[in-house]
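Take a look at the structure set out below.
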Amino acid sequence: MLFLASVLNDLGTRCGISTTRDLKTITRRVECEGISFLTITLSNFGSDLQKGLDQGYVDHNLFRSFRFQRGLPQLFGGFLDLIFDRNSGRLLDVPSIEAIRALRQISLMWSKILIKCSEERINAAFDKYIQCEKDIRKNDGLLTETSKEAFSRISGLLFADMFSKIDLAIYRGEHLPKHGSGATAERILGNQKYVHRTWPSRLEEYFPAGEYIIPNWSFYDELSAVRYLEPGSEIPVRVITVPKTLKTPRIIAIEPVAMQYAQQSILEQFESGVREDNLLRHLVNWESQLPNQQMALRGSLDGSLATLDLSEASDRVSNQHVRLLLRNHPHLARAVDACRSRKADVRGYGVVRLAKFASMGSALCFPIESFVFITLVFMGIQNALNRPLVRSDVKRLIGQVRTYGDDIIVPQEYALSVSRVLTDFGLKVNENKSYWTGKFRESCGKDYYAGYDVSVVRMRREFPTNRGHVDEIVSAVSFRNQLFSAGFDGAVDYLDERIKKLIPFPKVAPTSQVLGRWSHDGYSVQRMHPHLQIPLVKGAVVEHTLPVDKLDGYGALMKYFLKRGDQPFLDSKHLQRAGRPSSVRIKTRWSKPY
């Protein structure tokens, strides 16, 4: 609450208003409702503010958890009076950008703090996951043949060239697998992923064990230790929750080792295929969020572009959608299907068969959903034009249509038609985070109003209370430096005092590995290196210790053959230690401040 008071004071000073009554109201409600007032109720305030900006007025359907004084909520009344007319609730002709930025900062700053949800909310998330499965099956049955044909035609218009090249590459066996760094359904980690003990028989057609598990046929005897799994005995994905917001956790599905290993080979084909395609790299390229952010900025300036957001986006992409997407490319379609997990182990429900293509956790989830969404976007545009799209139409819309996962941008005049098509195919357009009527737009973590950046600096973790809270200290330092860049002097001073009690906190450049503070007057120099004559400061540095994970034999050779590029491994001890850090600590030492 002391930190909140300092942020609120900074914002009030910027806008020339008193925030004393606002602080009293927030303090009282936090005492009554707990931290959920900050993380949930205030977050809803921020969402309602965005909706009011988009529709151009405030009514009593917004800010339902707050008391009104005439046409606007009492809380943050001084800020709101700079944005809306209090009597009518209408948006002012020239609303204060600084007040909009201030209200979004104070209300949304807490919305994504990583605090574990209650058991009731976690159970509700699993219930929602199962309900989503039921919805997918229902929506699959409602798709008409006309819709399916239109989907296939548009997907062919967009992806035929790329999919044909990948189809041929898979037929020739040119797809090379690899292991990721994440968790697996069997809880196998690090180097041990290279010693396969099970292999789904469905993989054999396009991912034969003899070519994917062992380096060459001189290691043929190693295959005798591999247990081949028939479809009925395959390992299901492990569905878990990870912190997202206090309101609801994020659901992800952890894939089995063999499936993730095979999926990575097709992911690599998709990545290079999109990168090399002169059309697709302008529509679905997921290497950078910057194009989406720039388009959102343009949409906020002239209203020409709409930003759409989907709820439960990954979990609502049906396997039937993917079959339609790939049906003219048999080798690619069968390879994708072979490495798709068909079952999930869901807490409270046991093992269930999946109608969705994949949840977050599959290597193919993000690219496939991007392909499905962009296909549906152009179907919506085709419906709005009331004529079949041709290749020249797609080229004409470069710079106006783009997806980055479920962050979708379309021309404003097609937004309603696109939303209808997305809904018809069983997806859920998040109306509270989709914008096309006013001057507010958001995409890929950036928010704009009338051409101004009104993005929020978010608090990601609770404040650390001792030096052992390494993740919290790292988060607090990052949070402090972001607030410094955004001009929050009082809040920065408060955080400086807290952090200095835990670690040395010198001035450093943004590129330094030292956990330090950014400053207008550059970095500190506390001494010079006696031999190298470079400046040094004494500060905290994060050190990671990888778990012992020895790998030898054919697994070590396989790891070498699967390495990309001709450069040696960065870690010379990668065969002794691997995986995610077993311990993370902060160590004070002399280091460069830049």
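The values are calculated or read from the model by the stated rules, or taken from the named source; none is laboratory data. Predicted model only: the values in this text are computed from it and were never measured. Every residue, glycine as well, gets a Cβ built from its backbone with ideal geometry; the counts of neighbours run over all protein chains shown.
Within segment 461-476, can you find the residues that are under 22 Å from the mean Cα position of the chain (by Cα) and not in a loop (DSSP other than H, G, I, E, B)?
ASP471, GLU472, VAL474, SER475, ALA476
Tell me the residue from PHE45, PHE63 that is farther than 23 Å from PRO243 by Cα, buried (at least 19 other Cβ atoms within 10 Å of the Cβ) and touching a residue at least 12 places away in the same chain (Cβ under 8 Å), please.
Of the residues listed, the single one that is farther than 23 Å from PRO243 by Cα, buried (at least 19 other Cβ atoms within 10 Å of the Cβ) and touching a residue at least 12 places away in the same chain (Cβ under 8 Å) is PHE63.
What helices (runs of 4 or more DSSP H) completely inside segment 72-167 contain at least 2 residues that are modelled with pLDDT under 95?
In segment 72-167, the matching helices (runs of 4 or more DSSP H) lie at 119-142.
Scan segment 191-201 and give yes if some residue there is under 33 Å from the mean Cα position of the chain (by Cα), crowded, with 16+ Cβ neighbours inside 10 Å and part of a loop (DSSP other than H, G, I, E, B), otherwise no.
Within segment 191-201 (the criterion being under 33 Å from the mean Cα position of the chain (by Cα), crowded, with 16+ Cβ neighbours inside 10 Å and part of a loop (DSSP other than H, G, I, E, B)), the answer is yes, since at least one residue qualifies.
From PHE79, PHE159, PHE163, grab the single residue that is in contact with a helix residue (DSSP H, G or I) (Cβ under 9 Å, 6 or more places away or on another chain), aromatic (Phe, Trp, Tyr) and not assigned by TED's automatic domain parsing to the domain that holds ARG353.
The match here is PHE79.
Are there any pairs, at least 6 apart or on different chains, whose C-beta atoms fall under 9 Å, with the first in segment 214-225 and free of Cβ contacts under 8 Å to residues at least 40 places away in the same chain and closer than 15 Å to THR198 by Cβ and the second among the small types (Gly, Ala, Ser) and surrounded by 12 or more Cβ atoms within 10 Å (Cβ to Cβ), and if so, which?
LEU223/ALA209; LEU223/GLY210
LEU532 - would you say it is part of a loop (DSSP other than H, G, I, E, B) and either surrounded by fewer than 18 Cβ atoms within 10 Å (Cβ to Cβ) or among the charged types (D, E, K, R) (or both)?
It is true that LEU532 is part of a loop (DSSP other than H, G, I, E, B) and either surrounded by fewer than 18 Cβ atoms within 10 Å (Cβ to Cβ) or among the charged types (D, E, K, R) (or both).
Name every residue in segment 208-260 that is among the hydroxyl-bearing types (Ser, Thr, Tyr) and surrounded by 15 or more Cβ atoms within 10 Å (Cβ to Cβ), in order of residue number.
So in segment 208-260, the residues among the hydroxyl-bearing types (Ser, Thr, Tyr) come out as 212, 218, 220, 224, 228, 233, 241, 245, 248.
Matches in segment 208-260: TYR212, THR241, THR245, THR248.
Report, by residue number, each residue of segment 447-470 that is touching a strand residue (DSSP E or B) at 6+ places or on another chain (Cβ under 9 Å), at pLDDT 95 or above and of a type outside the set (A, V, I, L, M).
ASP447, TYR448, TYR449, ASP453, SER455
Any residue at all in segment 388-405 that's more than 26 Å from the chain's Cα centre (by Cα), closer than 30 Å to GLU120 by Cβ, assigned by TED's automatic domain parsing to the domain that holds PHE270 and not in a loop (DSSP other than H, G, I, E, B)?
No, segment 388-405 contains no residue that is more than 26 Å from the chain's Cα centre (by Cα), closer than 30 Å to GLU120 by Cβ, assigned by TED's automatic domain parsing to the domain that holds PHE270 and not in a loop (DSSP other than H, G, I, E, B).
As an exercise: evaluate ALA486 against (1) more than 16 Å from ILE586 (Cα to Cα); (2) among the aliphatic types (A, V, I, L, M); (3) buried (at least 18 other Cβ atoms within 10 Å of the Cβ) and give the number of the one condition it does not meet.
Unmet for ALA486, out of (1) more than 16 Å from ILE586 (Cα to Cα); (2) among the aliphatic types (A, V, I, L, M); (3) buried (at least 18 other Cβ atoms within 10 Å of the Cβ): (3).
Hand me the list of strands (runs of 3 or more DSSP E) wholly inside segment 297-382 holding 3 or more residues that are buried (at least 24 other Cβ atoms within 10 Å of the Cβ) and assigned by TED's automatic domain parsing to the domain that holds LYS134.
Filter on segment 297-382 gives 305-311.
Among the residues of segment 88-100, is there at least one that is acidic (Asp, Glu) and either closer than 16 Å to SER47 by Cα or in contact (Cβ under 8 Å) with a residue 24 or more places away in the chain (or both)?
yes
From the list LEU279, LEU290, exactly one residue is under 18 Å from the mean Cα position of the chain (by Cα) and assigned by TED's automatic domain parsing to the domain that holds GLY173. Which is it?
Step by step, each of LEU279, LEU290 is checked, and only LEU290 is under 18 Å from the mean Cα position of the chain (by Cα) and assigned by TED's automatic domain parsing to the domain that holds GLY173.
Identify all residues within segment 426-460 that are on the phi < 0 side of the Ramachandran plot, in the same structural domain as GLY380 (by TED's automatic domain parsing), touching a helix residue (DSSP H, G or I) at 6+ places or on another chain (Cβ under 6 Å) and outside any strand (DSSP E or B); write none if there are none.
Within segment 426-460, LEU427, ASN432, TRP436, THR437, GLY438, LYS439 meet the criteria.
In a strand (DSSP E or B), of a type in the set (Val, Ile, Thr) and closer than 21 Å to VAL477 by Cα: is that true of VAL525 in this structure?
no
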